[in-house]
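Peer 1: Here you go, one structure.
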Ligand SMILES: *Cc1c(COP(=O)(O)O)cnc(C)c1O
């Protein structure tokens with residue numbers, strides 16, 4: 001067993017990525033062009049979505065999705081109180097107002113039965129977040145949105161490779177959004193993707209990411225747009241990473257099973273019930289009484305981990321008086337364990353042994 005520091009997550013880039021990037025560089029054309037199309041086609045095939053557009057990052061892709069369905073100033077968008085902060089931030093960036101709803105402890109995702117209470121005449125959309133590849137009952141969520149005439153923008157940044165009842169997450173709502181930032185299951189360094197089956201939304205996305213130009217060859221604009229385009233250098237990395245995705249999805253599931261198996265005697269360590277037919281856990285998540293102390297112990301043993309995100313309503317820009325008990329509980333008990341797809345079985349057993357030792361000593 002090496003005593004090398006095991007990071008909580010590291011990107012995994014090989015020679016295939018180098019080759020792909022080199023070819024793009026040699027072509028002399030590095031902006032968004034053919035390689036980007038190839039990457040988009042691969043994404044579309046993988047998630048089974050008709051239209052795909054890749055953009056600068058996953059925060060921007062959520063923002064564009066909101067703008068594409070017409071979110072305007074003062075429009076309210078329902079967001080779970082437990083998520084990566086980019087979810088509500090993207091609503092603000094689009095000019096809307098995030099309205100928070102508590103999550104389920106069983107899924108870490110938005111509690112559907114709490115949504116209706118938050119709907120007002122100003123509500124325009126719901127942004128469910130598929131945290132760590134899990135989701136709420138997507139059919140129930142879509143039905144609720146339909147009843148209230150709301151758009152659904154899926155933040156599926158952590159769900160690339162995960163499904164709900166066999167259908168890829170990100171493809172239930174009006175528009176789905178993925179991220180290819182460094183820790184995600186595949187990465188292009190920075191990157192995001194929008195998926196939709198609606199041609200009008202797709203066309204709108206293409207205009208919004210390209211200065212609002214009516215089309216690529218035009219200098220005419222019907223509306224304000226920005227520059228959120230991709231580059232073929234990033235797409236080259238993406239194409240090489242896509243070829244590794246099936247292996248990674250399989251491996252993440254195996255890793256989850258292995259962690260669970262080797263921690264089953266530790267009664268205080270709880271796993272969230274996870275259907276591995278659908279869910280490819282991006283991060284290995286456990287719930288423990290004392291994540292901060294366990295994290296310290298692991299760090300002393302050269303093992304990285306990451307505390308869960310804070311509940312959104314507890315961070316300064318979103319401080320409020322409303323209570324979100326599940327979100328708060330989850331944020332105070334969760335820990336992400338080392339989850340890089342290249343970890344070996346013996347790395348994982350080593351990590352589990354350290355966790356066992358910590359709780360035996362206590
Ligand atoms: C990573 C992530 C984002 C943001 O994506 P970036 O590409 O880092 O901007 C948004 N939402 C969730 C849930 C994420 O995990």
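Peer 1: Using 19 Å as the cut-off for backbone N distance, which residues of the range 192-206 belong to the label zone defined by a point 7 Å from the Cα of residue 229 along Cα→Cβ?
Peer 2: It comes to 192-194, 202-206, nothing else.
Peer 1: Also, quick follow-up: Among 28, 166, 320, which one shows the highest mean-square fluctuation when the chain is modelled as a Gaussian network with alpha-carbon springs under 10 Å?
Peer 2: With Cα springs under 10 Å in the chain, the top fluctuation among 28, 166, 320 is at 28.
Peer 1: Per 0.36 nm of contour for each residue apart, how much would the distance between residue 137 and residue 167 grow if the chain were fully extended, relative to their Cα-Cα spacing? Present the calculation step by step, with values, prior to reporting the outcome.
Peer 2: On the way: separation 30, 0.36 × 30 = 10.80 nm, distance 1.19 nm.
Gain on extension, residue 137 to residue 167, equals 9.6 nm.
Peer 1: Please work out the FRET efficiency for the pair residue 211 and residue 3, using the Cβ-Cβ distance as r and a Förster radius of 35 Å; give the result to the nearest 0.05. Please list the in-between numbers first.
Peer 2: On the way: r = 52 Å, r/R0 = 1.50.
Result of the calculation: an efficiency of 0.10.
Peer 1: Ranking 62, 144 by Cβ neighbours within 10 Å, fewest first, what do you get? Working shown, then result.
Peer 2: Working: 62 34, 144 19.
Taking fewest neighbouring Cβ atoms as first place, the list is 144, 62.
Peer 1: Something else: Please work out the ratio of the alpha-carbon Rg of the range 22-66 to 2.2 N^0.38 Å and round it to two decimals.
Peer 2: The reported ratio for this selection is 1.33.
Peer 1: Using R₀ = 45 Å, calculate the FRET efficiency as 1/(1 + (r/R₀)^6) where r is the Cβ-Cβ separation of residue 106 and residue 219; round to 0.05. Before the final figure, lay out the partial values.
Peer 2: On the way: r = 53 Å, r/R0 = 1.17.
Efficiency for this residue pair is about 0.30.
Peer 1: So for the chain, what percent of the C-alpha to C-alpha distances run longer than 28 Å?
Peer 2: On the way: 29123 of 65341 pairs.
Percent of Cα pairs beyond 28 Å in the chain: 45.
Peer 1: Let me ask something else about it. Taking neighbour counts of Cβ atoms within 10 Å as a proxy for exposure, in what order, fewest first, do 290, 345 appear?
Peer 2: Ordered by Cβ neighbours within 10 Å, fewest first: 345, 290.
Peer 1: Now a separate question. Using only Cα atoms, find the angle between the long axis of helix 245-262 and the longest principal axis of the chain, and express it within 0 to 90 degrees, rounded to the nearest 10.
Peer 2: In the chain, helix 245-262 runs at an angle near 30 degrees to the longest axis.
Peer 1: Share of Cα-Cα pairs in the range 268-362 beyond 23 Å, in percent? All intermediate terms of the calculation are to be shown ahead of the outcome.
Peer 2: Details: 1466 of 4465 pairs.
Taking all Cα-Cα pairs of the range 268-362, the fraction more than 23 Å apart is 33 percent.
Peer 1: Moving to a separate point now. Which percent of Cα pairs goes in each bin when the distances of the range 204-278 are cut into 5 angstrom slices starting at zero?
Peer 2: Spelled out per bin, shortest first, that is 3, 12, 13, 10, 9, 9, 9, 10, 9, 7, 5, 3, 1, 0.
Peer 1: Something else about it: With springs only between Cα atoms under 10 Å, which of 216, 134, 248 fluctuates most in a Gaussian network model of the chain?
Peer 2: 216
Peer 1: Moving to a separate point now. With springs connecting C-alpha atoms under 10 Å apart, model the chain as a Gaussian network and identify which of 227, 111, 326 has the largest mean-square fluctuation.
Peer 2: Among 227, 111, 326, the largest mean-square fluctuation in the Gaussian network model of the chain belongs to 227.
Peer 1: Using only C-alpha atoms and all pairs of different ones, pull out the Kirkwood radius for the range 88-192 in Å with one decimal.
Peer 2: Working: mean 1/r = 0.0705 Å⁻¹.
This gives a value of 14.2 Å.
Peer 1: Hey, how many Å between the Cα centroid of the range 76-104 and the Cα centroid of the range 265-329?
Peer 2: Cα centroid to Cα centroid, the span is 19 Å.
Since every read-out is calculated from the coordinates, none of them should be taken as a lab result. Keep in mind that this is a model prediction, so the values were computed, not measured. Don't worry about glycine lacking a Cβ; one is built from the backbone with ideal geometry, like all the others, and counts go over all protein chains shown.
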